[in-house]
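Student: Okay, here's the structure, questions in a sec.
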Amino acid sequence: MIKDLLATTPIPFPGKPTELRLQQTTTRQISLLSGNLVGNAKSVVGGVSARIFSKGVYGLASAAETDLETVNKVLKAAAENAEFLGSRAPQGGDNLPPLVPCRKEPQKVEPELTQKTLLDFCRELDAHITATYKNLAGRSVNASSLTTEKLLYASNGDTPVVYSHSVVPRTNISVSLTANDPNGSPVSLGKAFGGYGFFHELFSSPEALYQEVAILFEKVMKKREGVHPNAGRRQVVIGSEVAGILAHEAIGHTVEADLVLGGSVARNYMNQLVASELVTLVDFAHTVQGKPTPVPVIVDDEGVLAEDVVIIENGVLKRYMHNRASAHRMGYQAQGNARGNIFSDEPLIRMRNTAILPGTSRLEDIIASVDDGYYLVRSSNGQADTTSEFMFGIAEGYEIKNGVLGRAIRDTTISGVAFDMLKTVDMISQDMTWGSGGWCGKKQTINVGMGGPALRCYVNIGGR
């Protein structure tokens, strides 16, 4: 655990808005490819950073140690950087809306976990796959563990008013299966299991995943016999995973205030109808339906108490996501969206857990309502830009004929303009499902939560 330095020795802050962050990020990775160990790594990245606000700009400094002498040097360097930048390109005064005093202690303490524990788990699961499924062309089993511990002090002036100590773990076991189609070409399908929590909390034994692997095997067998979809604008049912990446990539990024100020299309849409009235889109802070989100944020890296941000409400664009500076500039209140990845990263405006709220329809009823379309379950990759145009790969999907699921489809893509596509949503399922592991690559790669309900809508789908 990171030591609370200020508990015994007061550290002088420079009399201006200041953030002091001590952080340690521990990652573990095991990778088996067709039974061969191809990855076995553990890394611990830690240190301290300080950021000081002066004349409308921030000065940042960091170091890879967390002793008292280093902390004082980093604070001094950040103050000097702020003064230098402020003298060259002043943006305004030293004032930011004051932080709300708070003290938050960690809810979890990391138990002991060794590489051998992860490796033994993966080998046992891989051995089960080998013994049970004889007609596979390839397989991979991977384990990953990420634990981020942060200790944040933030001040409005001389004295810290925010103390936040957090430990956020995420653990995943990922399985990918490959089979050859009738022409001998490989067809693959994978799934990640786990999510928020330590390894011992999420995975009791490899046997607990056997049924999930059986389902994955059945799906890849169907996919090897799959067909190419008919290209064009089609009515589809988008599953929660695809809906989640759409909400994050095609909508979420367009409403991050730094991108809005940079010219995102969302700057023209505030208080306008941008989606069906059935659609309410939220960036959740730490709790959904009484349970922790995949990436719970209690206090962000600027010391702001995190709150849910209702981005779209009943189809109308209501809010952007902010840090303290952009919220002050645009006349809003920051709600905890400033996040940095490792200790030396400057906090940026980032999403946390972004999803559309559930509706009132059952998924089976939504599928039954489609005469000729597709059920799109899992995405593979994708991209979007600040016009809300998107293109995503689809790794798992099925035909819908006369309200009944039919043949699996081969890998394809969907595309469109998100703000237009959301206006075609006319049914939303009543369930809420989160993906096991999401990442965002906006300047710094950071973990995020993505998910939601299923949607009935229209998109452009690719063919052969």
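Student: Which pairs break 27 Å Cα to Cα here: Lys318/Lys442; Lys116/Lys191; Lys16/Lys42?
Tutor: Lys16/Lys42
Student: Can you tell me which lysines have their Cα less than 16 Å from the Cα of Lys150? Leave out same-chain residues fewer than eight positions away.
Tutor: Lys3, Lys104, Lys108
Student: Under 15 Å from the Cα of Lys73, which aspartates and glutamates turn up, not counting those fewer than eight places away in the same chain?
Tutor: Those aspartates and glutamates meeting the cut-off are Glu19, Glu65.
Student: Quick check: the angle from helix 68-88's long axis to the longest principal axis of the chain, C-alpha only, nearest 10 degrees?
Tutor: Once rounded, one gets 90 degrees.
Student: Which of the peptides 212-224, 6-18 is most tightly packed, and how do the rest follow, going by the mean number of other Cβ atoms within 10 Å of each residue?
Tutor: 212-224, 6-18
Student: Find the accessible area per residue for the range 342-405; the probe is 1.4 Å, ligands and nucleic acids are left out, and the unit is Å².
Tutor: Per residue, the range 342-405 has 40 Å² of solvent-accessible surface.
Student: Here's another thing I want to ask about it. With the Cα gyration tensor of the range 310-366 giving a ≥ b ≥ c as the square roots of its eigenvalues, does the rule (a/c under 1.5 for rounded; else a/b larger than b/c for prolate; else oblate) give rounded, prolate or oblate?
Tutor: Here the range 310-366 falls in the oblate category.
Student: At 222 nm, what value in deg cm²/dmol follows for the chain if DSSP H runs of at least 4 each add -39500 (n - 2.57) and the sum is divided by all its residues, to the nearest 500?
Tutor: My calculation for the chain gives -5500 deg cm²/dmol from helical runs alone.
Student: Compute the Cα gyration tensor for the range 352-464, then decide on rounded, prolate or oblate, letting a ≥ b ≥ c be the square roots of its eigenvalues: rounded whenever a/c is under 1.5, prolate when a/b is larger than b/c in the other cases, and oblate in all that remain.
Tutor: prolate
Student: Take every DSSP beta bridge whose two residues both sit in the range 321-464, then give the antiparallel share in percent to the nearest 5.
Tutor: Once the DSSP bridges in the range 321-464 are tallied, antiparallel ones form about 90 percent.
Student: Cross-link partners among aspartates and glutamates for Lys219, C-alpha distance below 19 Å, same-chain residues fewer than 8 apart left out?
Tutor: Filter leaves Asp126, Asp181, Glu241, Glu364, Glu396, Glu399, Asp411.
Student: Compute for the chain: radius of gyration divided by Kirkwood radius, i.e. Rg/Rh, restricted to C-alpha atoms, rounded to two decimals.
Tutor: Rg divided by Rh gives 1.00.
Student: With every protein chain left in place, what is the accessible area of Asp411 in Å² (1.4 Å probe, nearest 10)?
Tutor: 100 Å²
Student: Rounded to whole Å and sorted largest first, what semi-axes of the equivalent ellipsoid does the C-alpha gyration tensor of the range 97-203 yield via the square root of 5 times each eigenvalue?
Tutor: 44, 16, 8
Student: Normalise the Cα radius of gyration of the range 159-256 by 2.2 N^0.38 Å (N = residues in it) and let me know the number.
Tutor: Normalised Cα radius of gyration, the range 159-256: 1.57.
Student: Tell me the Kirkwood radius of the range 1-150: reciprocal of the mean inverse pair distance over distinct alpha-carbon atoms, in Å.
Tutor: Taking every pair of different Cα atoms in the range 1-150, averaging 1/r and inverting gives 19.1 Å.
The values are calculated or read from the model by the stated rules, or taken from the named source; none is laboratory data. Not measured: the values here are computed from a predicted model. Heads up, the Cβs are rebuilt from the backbone with ideal geometry, glycines too, and the neighbour counts pull from every protein chain shown. Only protein heavy atoms, including side chains, enter the accessible area calculation; ligands, DNA and RNA are left aside. Shrake-Rupley method; radii C 1.70, N 1.55, O 1.52, S 1.80 Å.
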